[in-house]
Each structure stands twice: as C-alpha cells, then as structure tokens.
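To start, the structure itself, in structure tokens.
The values are calculated or read from the model by the stated rules, or taken from the named source; none is laboratory data. All figures in this text were calculated on a predicted structure; none of them were measured in a lab. As a convention, Cβ positions derive from the backbone with ideal geometry for all residues, glycine included, and neighbour counts pool all protein chains shown.
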Amino acid sequence: MKLDGKSSKTPLGRREQQRRETARLIRAAALKLFAEHGFDATTTKEVADEAGVAHGTVFLVAPTKEALLVAVLEEKLRHVVEAREASMPRRSIQAQLLHVCDALFDFHAQKPDLSRVFVRGVMFFSDPTARAQYDEHVLAFSRYLASLLEEAKRRGKLSARVNTEVAAENVLALYMHLLVSFLNEPTPDRRRVRARFRAGLDLLFCGLASARSQREKKSPPR
C-alpha cells in the first residue's frame with residue numbers, strides 16, 4: 001500500500017514530469033548537503049546550485065529550509081516503509097511492526113546527525129509549514145500502523161474491542177521515545193534499540209491480545 005495514499009498509475013504530462021524531476025533533484029541535493037555539511041551550515045542557495053536550478057525554484061518545493069528538511073526525510077522514510085511492505089512477514093502483528101520499524105531505525109542509524117536535527121525540529125518547529133508537513137506525515141504513518149492492527153484484529157489476533165487508532169498511536173509513541181533515546185547515544189546501538197522496541201511491543205500486546213488467543217496460551221497441551 002502507498003503510505004501517502006496517492007496512485008502512481010495515472011499517466012503524467014510532460015510538464016508534471018519535469019516538475020517532479022526538478023523536485024527530486026532539489027531533495028537529493030538537500031539530503032547530500034545536509035548530510036555532508038550539516039543542516040545549519042547549508043544554505044538554500046547552495047542547495048539550488050547543487051541541484052542546478054535557480055535559487056527561487058527551491059522554494060517551489062518547500063517555502064523554508066526547515067520545510068525542505070521535512071520534505072526530504074519524509075520522502076526517504078516513506079520509501080523505507082513501502083519497501084518493507086513488499087516483504088512483510090505473514091506472522092504475528094508484533095513481527096510486522098518490528099519489521100517496519102527496524103528499517104526506520106536502520107535509516108536513522110545511517111545518518112544520525114541529520115536525524116538528530118530532524119527530531120529536534122519535530123519537538124520545537126518554529127516554521128508552521130514544516131510543522132504542518134510533519135503532522136501530515138505522522139498522521140499517514142499512524143493510519144498505516146492502524147491498518148496493520150485492524151487486519152490483525154480481523155484475523156482474531158487482537159481483541160475485537162481494541163481501538164486500533166489508539167493502539168497505533170501507542171506504537172508510534174513507543175517508536176518515537178526509543179528513537180530519541182537511540183539518537184542521544186554517541187554511537188547509536190541498533191541491537192539495543194531493537195531489543196527495547198520488541199520488549200515494549202510485547203508488553204503492549206499483552207493487553208491487546210484477543211480473549212481467544214489468551215485462552216489458547218493458557219490451555220494445557222493435549
């Protein structure tokens with residue numbers, strides 16, 4: 001499923017193709033420069049020069065540098081999730097959530113300095129456009145998690161009484177809490193954050209398991 005809900009099957013006109021390619025070049029240039037020189041040290045003029053476009057063209061993609069950072073990382077994170085969707089395990093809902101979030105932790109581990117800037121911005125956005133973009137991204141991801149939980153409920157793996165939207169928010173809160181802790185480490189420890197995320201999921205799902213599943217666990221083998 002597409003995390004943003006947009007279909008890619010509609011043929012694009014030449015102007016739209018050109019617009020998207022220009023936006024792609026700008027985002028790629030921004031990611032490269034932010035990673036190499038740091039977010040604060042990079043100017044939008046440098047991004048434009050790297051992308052080979054006029055300075056003003058950058059602001060057609062994002063009106064501010066903060067909004068550009070959100071646009072760049074939101075796109076990358078969306079692609080990470082969509083790639084994991086293609087190899088989603090058919091096992092438990094816990095395994096599916098771990099499968100998705102593992103890839104996100106991997107991404108942040110590759111660019112911890114840039115991710116720290118992103119997370120710091122998430123906590124204290126001064127730019128309302130960046131805040132709105134981030135809120136939209138979080139809402140889309142939360143809905144995606146809720147869809148996984150809803151499917152698990154349909155299969156009888158969760159109680160029928162579970163509010164999957166609230167459950168998704170709890171999973172997202174666990175992920176964000178551990179991401180901040182992870183990025184606060186001088187050298188982020190992937191094994192440790194994976195173990196902590198898995199333990200948190202196990203604890204959460206103790207209260208979400210269906211009554212039938214709980215009875216099956218308690219029943220002695222015949």
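Observations, loosely collected:
- Some residue of the range 136-144 being part of a helix (DSSP H, G or I), crowded, with 19+ Cβ neighbours inside 10 Å and aliphatic (A, V, I, L, M): no
- Failed criterion for Leu172 (all others in (1) modelled with pLDDT under 90; (2) assigned to a helix (DSSP H, G or I) hold): (1)
- Criterion applied to Leu73, Leu98 was being out of contact with any Gly (no Cβ under 8 Å at 6 or more places or on another chain) and within 23 Å of Ala62 (Cα to Cα), and the one residue passing it is Leu73.
- Enumeration of residues in the range 164-179 that are β-branched (Val, Ile, Thr) and surrounded by 14 or more Cβ atoms within 10 Å (Cβ to Cβ): Thr164, Val171
- Scanning the range 175-206 for residues that are without any contact (Cβ under 8 Å) to a residue 12 or more places away in the chain and of a type in the set (Gly, Ala, Ser), we see that the one that is farthest from Ser115 (Cα to Cα) is Ala199.
- Residues that are over 20 Å from His79 (Cβ atoms) and either in contact (Cβ under 8 Å) with a residue 12 or more places away in the chain or in a helix (DSSP H, G or I) (or both) within the range 48-62 comprise Ala48, Asp49, Glu50, Gly52, Val53, His55, Gly56, Thr57, Val58, Phe59, Leu60, listed in sequence order.
- Count of residues meeting criterion [in a helix (DSSP H, G or I), under 20 Å from Arg116 (Cα atoms) and either without any contact (Cβ under 8 Å) to a residue 24 or more places away in the chain or within 24 Å of the chain's Cα centre (by Cα) (or both)] in the range 18-46: 11
- Once the range 184-214 is narrowed to residues that are at pLDDT 90 or above and buried (at least 19 other Cβ atoms within 10 Å of the Cβ), the residue that is farthest from Asp106 (Cα to Cα) is Leu201.
- The residue pairs whose first member lies in the range 150-174 and is more than 13 Å from Gln94 (Cβ to Cβ) and not assigned by TED's automatic domain parsing to the domain that holds Leu203, whose second member is assigned to a loop (DSSP other than H, G, I, E, B) and of a type outside the set (Phe, Trp, Tyr), and whose beta carbons are closer than 8 Å, counting only pairs six or more residues apart or on different chains, do not exist in this structure.
- Per the listing Ala109, Ala83, Ala132, the residue uniquely touching a residue at least 60 places away in the same chain (Cβ under 8 Å), assigned to a helix (DSSP H, G or I) and of a type in the set (Gly, Ala, Ser) is Ala109.
- Being hydroxyl-bearing (Ser, Thr, Tyr) and modelled with pLDDT under 90 holds for only one residue in Thr10, Thr44, Thr57, Thr22, and it is Thr10.
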